[in-house]
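S.K.: Just dropping this structure here.
The values are calculated or read from the model by the stated rules, or taken from the named source; none is laboratory data. Because the structure is predicted, anything quoted here is derived from the model rather than measured. Positions of Cβ are generated from backbone atoms using ideal geometry, with glycine treated the same way; all protein chains shown enter the neighbour counts. With ligands, DNA and RNA removed, areas are computed over all heavy atoms of the protein, side chains included. Shrake-Rupley method; radii C 1.70, N 1.55, O 1.52, S 1.80 Å.
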Amino acid sequence: MKRKIGVYICHCGSNIAGYLDVKKTTAYAATLPYVVVARDYQFMCSDPGQDMIKNDIKELGLNGVLVCSCSPTLHLRTFREACAEAGLNPHLCEMATIRELCSWVHSHERENATEKAMALIAAGVRRVLYRNPLETKWAPVTPNTLIVGAGIAGIQTALEIAGAGNKVYLVEKEPSIGGRMAQLGKTFPSLDSTSDMLIPQMEAVQANKNIELLTNSEITEVSGYIGNFKVTIKKKPRSVDEAKCNGCGECWAKCPVEVPSEFDRGMSKRKAIYIPFAKAIPKIPVIDRKTCKFFLDGSCHVCADVCPTKAIDFKQAEETVKAEIGACIVSTGYDTFDPTPITQLGYGKLENVVTSPEFERMLSPDGPTGGNIVLKNGTAPKAVAIAHCVGSRDQNYFQYCSRVCCMYSLKYSRLLKKLLGHDTNVYQMYIDMRCFGKGHEEFYKSASDEGVNFIRGKIGQVTNIPQSDEEKGKLIVVCEDTLLGTMIRVPVDMVVLSVAMKPRTDMEEVARTFLLGRSADGFFLERHPKLDPVGTMLDGVFAVGCCQGPKDISDTVAQATGAAARALALISKGKVEMEAATASVDEEVCAGCGYCEAICQYSAVEVDPKRKVAVVNEAVCKGCGACAATCPSKAMQLKNFGQKQLIDVIDEATKEYAGLAR
Amino acid sequence: MAEKKEQFEPKIIGFLCNWCTASAADLAGTTRAQYPPNMHPIRVMCSGTVDPMYVLKALLSGADSVMIGGCHPGDCHYVSGNYKARRKIAMLKQIFKSLGLDENRIWLRWISASEGPEFARFIRQITEETRKQGPSPMASDWTV
Ligand SMILES: Cc1cc2nc3c(=O)[nH]c(=O)nc-3n(C[C@H](O)[C@H](O)[C@H](O)COP(=O)(O)OP(=O)(O)OC[C@H]3O[C@@H](n4cnc5c(N)ncnc54)[C@H](O)[C@@H]3O)c2cc1C
Ligand code: FES
């Protein structure tokens, strides 16, 4: 068959065309052997772009297509579908990545970028040349979903999917579900109690028979592919038999060990056997083996003695749960910034300088102060300064905006006035007010109407060294008022630092387990910022909530619902396209040595004892190519990644190009 | 063609595993990391599919060095492809040594999908190192 290849070069607006000479590359592509048409267009992935390809297939009888644009993870499927619609076998379509691998990474060397793009295109044409039509094969989808992280994002996704009648494995690292939302007092812009919203959702999770809730657990391994993942979950020992415990609380009432409560940000004490907060779900305690005296020296077993159901099990071992999964949803949330390194703010040194997560605990009725705002000495503050953007929008820490701090800082204003009276002085030290959500600007207006002092400027220093009588016994906030252009000193009783939301410190482990990418800000990378903000680069894995970037509860829930729809769509389709590029044997050449059989991870190859040739089981072959790399006679080849193709590609790639010529 | 530069510009061929290093390369792009254009990327399904023959072929065709990028040990999408790659490349390097060829022109690296900055850093490094090594004599001294 004489090859007729069409090459399509995308400008991607200015993402490609802005950094390399698209016209020159197109002219060059037209001169390449087997290329019968080369075109460039603003956006190849748009409908007119796809139509261009479809028309050429029909009118010029193309039997090979190379689209030179973004990464194949983004649009290979789009272009293959377009080809299929025009009657061309989709496997005859290939992409050359001239955006991620070229224009974006060589954006200050137009000529070199152009030359490299030309080399990538020439090599791409070679790849198309050796491709053969393949039959698309389908695999069934396991209708189970894995959700990692049970904050509001994970909870909401789980309820949607389980509500549609499908099995969900909801895995949470901590002893209780709820995530950070459980630590908040009231929420903007409605000033509703967060627990009034969250607790019913948590209870619904527990009550739902379709949800297998695995708390105190972590994912250790994920293998497989979309529709057919295999995951291993490690259930850390609680030292309490979940089947026997009825959550009566005798054990934690009697436990003599007290340690700072993580949930209350160290502002209260918890026991060595504990539930993180009163409304925890499941309401089953966990023994902290690092502080429990039984585990330290065997000197105490009060909990076991008082437990009416004999649920304490000091010998409980780690458990492993294995599950078959169709779609994975990662909703591992965020951490908050520890402002200790910004020493001039006095956090950790000056009393009554607190972070926003600590302040949230104070505002919570179930918190360490019972919902009262109090100073260390037990009295109520008369003046409070709130510092915005601590760690956010800061070249030294996080460049991004955390998106919720302006709003929750305003929430603090309103709550302070409400709880402590209208004569409480509230100062907001801000850089810019960002109140962009629904009802947010209105909330800003109401807060302003209540008489808040807005000072535009970043806090330079918080000190307790007075310069006047008025400042005695106070915290003095030193700040430049950039609107007035003067330095000011504001004496207050309490300073709240609105700290940045940041990627969790254990993000990288999760990224590695799920093969997820991370964007420059450290959060998980979405497949497409506009068109697929919940997908990731790995098919069948979605990232939702604050692990994908800072956002408020409404946006988190919106995204969670989106991910649930995606998982449900996969389940209702019921099948996924399988790797078509499996290994295949040239029986004329195969000597039956069996090296391939020995190296195959999946036992997909066997040597037929009678015919003495290797036989590939295509249903089992995953297309990794280990056998092809090992075959001494090169009888074994990966379909569409054959030896001739690679040799040709290498030839093209090593041709002189750019200023890179010797 | 661009004007010839004064310094030697090495030509590097990179075999990038589809699941990790190629993804890291995409990420480097998405985050607009900048690195020299000397490496020509070739996407492969797994580092374990890189037959040493292809490495040899690249060097004989004029590459000054070759990189193979795979998933970190334990993370291979096909379970053990990267271990196979590790053995194959170790063996190839041995053969290079015994033939008096420069085995330092072959670089096997584990770069995961999330390590975009590491990918960019490595491309800068391999380009610099290869530049120091100078043109590979293999293409001109040997014929296939
Ligand atoms: C001080 C402050 C005040 C705020 N006030 C408001 C407000 O008033 N209104 C509003 O809308 N938003 C507010 N927000 C934002 C709000 O907290 C978030 O939008 C919301 O909590 C995000 O939920 P999430 O589920 O994405 O993450 P999280 O709540 O962080 O949940 C993630 C969950 O995943 C678990 N997890 C993490 N890693 C793993 C792992 N490897 N394996 C298993 N489980 C794991 C965690 O333990 C956690 O339970 C505020 C934020 C802050 C910092
Ligand atoms: S899949 Fe990356 S090395 Fe095997």
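S.K.: Of all chymotrypsin sites (Phe, Trp or Tyr not before Pro) in the range A:421-472, which ones are in loop regions per DSSP and have a Cβ with at most 14 other Cβ atoms within 10 Å?
M.R.: A:PHE436
S.K.: Given axes a ≥ b ≥ c from the Cα gyration tensor, I'd like to know whether chain A is rounded (a/c under 1.5), prolate (a/b larger than b/c) or oblate.
M.R.: It is oblate, given that a/c is not under 1.5 and a/b is not larger than b/c.
S.K.: Does the range A:12-126 classify as rounded, prolate or oblate by the C-alpha gyration tensor (a ≥ b ≥ c root eigenvalues; a/c under 1.5 gives rounded; else a/b over b/c gives prolate, otherwise oblate)?
M.R.: prolate
S.K.: Placing +1 on the Cβ of each Lys and Arg and -1 on the Cβ of each Asp and Glu in the protein assembly as shown, which of A:GLY549, A:GLY6, A:GLY371 has its Cα farthest towards the positive end of the resulting dipole?
M.R.: Of the candidates, A:GLY6 comes out farthest on the positive side.
S.K.: If you count the DSSP beta bridges with both ends in the range A:335-502, what percent of them are antiparallel, to the nearest 5?
M.R.: Of the beta bridges lying entirely in the range A:335-502, close to 45 percent run antiparallel.
S.K.: Then there's this: For the residue pair A:ASP449 and A:ASN464, what label-to-label distance in nm results when each label sits 7 Å from Cα along the Cα-to-beta-carbon direction?
M.R.: 4.0 nm
S.K.: What net charge do the residues around B:THR127 carry, taking every other residue with its C-beta under 12 Å from that of B:THR127, with Lys and Arg at +1 and Asp and Glu at -1?
M.R.: Overall, the nearby charge balance is +1.
S.K.: Still on this structure, please answer the following. Name the GluC sites (Glu not before Pro) in the range A:111-147 that are in a loop by DSSP and that have at most 15 other C-beta atoms within 10 Å, would you?
M.R.: Sparse-neighbourhood loop GluC sites (Glu not before Pro): A:GLU135.
S.K.: What FRET efficiency do you get for A:PHE43 and B:GLN34 if R0 is 22 Å and r is their Cβ-Cβ distance, rounded to the nearest 0.05?
M.R.: Using R0 = 22 Å, I get an efficiency of 0.35.
S.K.: List every DSSP H helix in chain A whose Cα atoms extend 27 Å or more along the helix's own long axis and whose mean Kyte-Doolittle hydropathy is at least 0.5.
M.R.: A:553-573
S.K.: Tell me, how many Å apart are the Cα centres for the range A:14-56 and for the range A:288-318?
M.R.: 69 Å
S.K.: Apply 1/(1 + (r/R0)^6) to the Cβ-Cβ distance of A:LEU484 and A:GLU442, taking R0 = 22 Å, and write down the FRET efficiency to the nearest 0.05.
M.R.: Once rounded, the FRET efficiency stands at 0.20.
S.K.: Continuing with this model, one more query. About the Cα centre of the range A:421-485, what is the dipole size in debye to 20, counting +1 per Lys and Arg Cβ and -1 per Asp and Glu Cβ, all else neutral?
M.R.: 280 debye
S.K.: Further question: For A:ASP532, put the label point 7 Å out on the Cα→Cβ axis and report which residues of the range A:548-570 keep their amide N under 19 Å from it.
M.R.: The answer is A:548-549, A:559-570, whose backbone nitrogens lie closer than 19 Å to the label point.
S.K.: Taking a label point 7 Å from the Cα of A:LYS310 along the Cα→Cβ vector, which residues of the range A:247-288 have an amide N closer than 20 Å to it?
M.R.: Counting only backbone N, you get A:247-252, A:285.
S.K.: Compute the distance in nm between two label points, each set 7 Å from the Cα along the Cα-to-Cβ direction, one at A:ALA139 and one at A:SER268.
M.R.: In this crude label model, A:ALA139 to A:SER268 measures out at 4.8 nm.
S.K.: Need the C-alpha centroid separation for the range A:471-539 versus the range A:397-470, integer Å.
M.R.: Between the Cα centre of the range A:471-539 and that of the range A:397-470, the gap is 17 Å.
S.K.: What is the magnitude of the charge dipole of chain A about its Cα centre, with +1 placed on the Cβ of each Lys and Arg, -1 on the Cβ of each Asp and Glu, and no other charges, expressed in debye to the nearest 20?
M.R.: In debye, rounded to 20, chain A gives about 420.
S.K.: On to the next question. Please report the carbon-and-sulfur percent of the accessible area for the range A:583-639; probe 1.4 Å, protein heavy atoms only, DNA, RNA and ligands left out.
M.R.: That fraction is 51 percent.
S.K.: Distance in nm between label sites at A:GLU250 and A:ALA278, each 7 Å beyond Cα in the beta-carbon direction?
M.R.: Result: 2.2 nm between the two label points.
S.K.: How big is the gap, in Å, between the Cα center of the range B:106-130 and the Cα center of the range B:85-103?
M.R.: Comparing the Cα centres of the range B:106-130 and the range B:85-103, I get a distance of 20 Å.
S.K.: Moving to a separate point now. Anything over 30 Å Cα to Cα? Flag those among A:LYS2/A:LYS23; A:LYS54/A:LYS639; A:LYS209/A:LYS279; A:LYS502/A:LYS622, in the order listed.
M.R.: Over 30 Å apart, Cα to Cα: A:LYS502/A:LYS622.
S.K.: Please find the FRET efficiency linking A:ASP366 to A:LEU419, where r is the Cβ-Cβ separation and R0 is fixed at 25 Å, and quote it to the nearest 0.05.
M.R.: 0.95
S.K.: Quick one: which residues, 5 or more positions from A:GLY460 or on another chain, have an amide H under 5 Å from its amide H? H modelled 1.01 Å from N in the peptide plane, none for Pro or chain starts.
M.R.: A:VAL478, A:CYS479, A:GLU480
S.K.: Only bridges whose two residues both fall in chain A count here: according to DSSP, what percent of them are antiparallel, nearest 5?
M.R.: Antiparallel bridges: around 50 percent, rounded to the nearest 5.
S.K.: Report the extension gain between A:HIS108 and A:ALA164 in nm, rounded to one decimal, defined as 0.36 nm multiplied by the number of residues separating them, less their alpha carbon distance.
M.R.: Result for the pair: 15.0 nm of gain on full extension.
S.K.: I need the helices of chain B that pass two filters: whole DSSP H segments spanning 20 Å or more by Cα along the axis, and mean Kyte-Doolittle score no lower than -1.0.
M.R.: What comes out of the filter, once short or polar helices are dropped, is B:81-98.
S.K.: Could you calculate the contour length gain from A:ASP539 to A:PHE295, that is, 0.36 nm times the residue separation minus the distance between their Cα atoms, to one decimal place in nm?
M.R.: Between A:ASP539 and A:PHE295, full extension yields an extra 83.5 nm.
S.K.: Would you kindly state how much longer the chain becomes between A:VAL613 and A:GLU318 on full extension, computed as 0.36 nm times their sequence separation minus their alpha carbon distance, in nm to one decimal?
M.R.: Computed gain between A:VAL613 and A:GLU318 is 101.6 nm.
S.K.: Net charge around A:LYS254, counting only other residues with Cβ within less than 10 Å of its Cβ (Lys, Arg = +1; Asp, Glu = -1)?
M.R.: With Lys, Arg at +1 and Asp, Glu at -1, the net is -1.
S.K.: What dipole magnitude, in Debye to the nearest 20, does the range A:1-131 give about its Cα centre under +1 on Lys/Arg Cβ and -1 on Asp/Glu Cβ?
M.R.: 420 debye
S.K.: With the dipole of chain A worked out from charges on the C-beta (+1 for Lys and Arg, -1 for Asp and Glu) around the Cα centre, which of A:MET181, A:ALA569, A:ALA558 lies farthest toward the positive end?
M.R.: So the residue we want is A:ALA569.
S.K.: As a check on your grasp of the helix formula, calculate [θ] at 222 nm for the protein assembly as shown: sum -39500 (n - 2.57) over DSSP H runs of n ≥ 4, divide by the residue count, round to the nearest 500.
M.R.: -9000 deg cm²/dmol
S.K.: Give me the summed buried accessible area for the B-A pair, 1.4 Å probe, to the nearest 100 Å².
M.R.: So the buried area, both faces added, is about 5300 Å².
S.K.: Of A:ILE287, A:MET267, A:HIS301, which is farthest along the charge dipole of the range A:250-306 in the positive direction, counting Lys and Arg as +1 and Asp and Glu as -1 at C-beta?
M.R.: Highest projection toward the positive end goes to A:MET267.
S.K.: Ordered by packing density, taken as the mean number of other Cβ atoms within 10 Å over each peptide's residues, highest first, how do A:484-497, A:626-639, A:293-306, A:565-578 rank?
M.R.: A:626-639, A:484-497, A:565-578, A:293-306
S.K.: Tell me the GluC sites (Glu not before Pro) within the range A:295-398 that lie in a loop according to DSSP and have at most 11 other beta-carbon atoms within 10 Å.
M.R.: Listed in order of number, the matching sites are A:GLU318.
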